[in-house]
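Some notes on the structure that comes next.
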Amino acid sequence: MTWGRRIRLYLIGFGLGLILVWIVFIKNGNRDLGGWLPGSRVTKFITFSKKIDADSSLLCKLKCVGITIDDIRTATATGDVDFGKSDTHKEPNHEYDINVTVKGKKMEIYFSENMTDSTAKILYINPPIAAANCNCK
């Protein structure tokens, strides 16, 4: 087999590989290629959960600084899950620490998610929200 034939066969195989990669991954630009990864699955679950809840004092503090649950829900979609600080094996509710940016403020939100009824609860937010002027308990 001559060098010219080897190079030609290599280029044909390489070209077919490029076409296959383009068809599978790049052809439709709005695909979520990392959607099957654990962090993406957690953020999607919380984003699309039926209800996101928190205790009344945390809701009062969030309202005082102008952040709603819907703001947190949309920010969670692009958040990063810190599995080192999360308790993923806790039963019955898994707990996840997600770093998000809500209205320009970087926050670390600790969620508890219930897989059976598709709800999530905010356990705490770091750094703590200072709401001294809001009369929240």
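Derivation of every value follows stated rules applied to the coordinates shown; laboratory data play no part. Since the model is a prediction, treat every value here as computed from it, not as a measurement. Please note: Cβ atoms are built from the backbone with ideal geometry, for glycine as well, and neighbour counts cover all protein chains shown.
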Sum of side-chain charges, V81 neighbourhood, beta-carbon under 13 Å (Lys, Arg +1; Asp, Glu -1): -4
Point-charge dipole on Cβ atoms (K/R +1, D/E -1) for the chain, about Cα centre, debye to 20: 740
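The chain: longest stretch without exposed chymotrypsin sites (Phe, Trp or Tyr not before Pro) (DSSP loop, at most 14 other Cβ within 10 Å), sites themselves excluded? Mind dumping the intermediate values first?
Values: sites that count: W36, F48.
Counting only loop sites that pass the neighbour cut-off, the longest clear stretch is 49-137.
Just to confirm a number: summing +1 for Lys and Arg and -1 for Asp and Glu over residues other than I12 whose beta-carbon lies under 12 angstrom from that of I12, what do you get?
Numbers: positive: R5, R6, R8; negative: none.
Value of the local net charge: +3.
Within region 73-129, report the GluC sites (Glu not before Pro) that DSSP leaves as loop and that have at most 12 other Cβ atoms within 10 Å. If you can, show how the numbers build up before the last one.
Values: sites: E95, E108, E113; in loops: none.
Here no loop site has a sparse enough neighbourhood.
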Principal axis dimensions, region 34-126 - Cα atoms, whole angstrom, descending: 35, 25, 23
Residue-averaged [θ]222 nm for the chain, counting only DSSP H segments that reach four residues, each worth -39500 (n - 2.57): -10500 deg cm²/dmol
15 Å beta-carbon shell around V65, net charge (K/R +1, D/E -1): +3
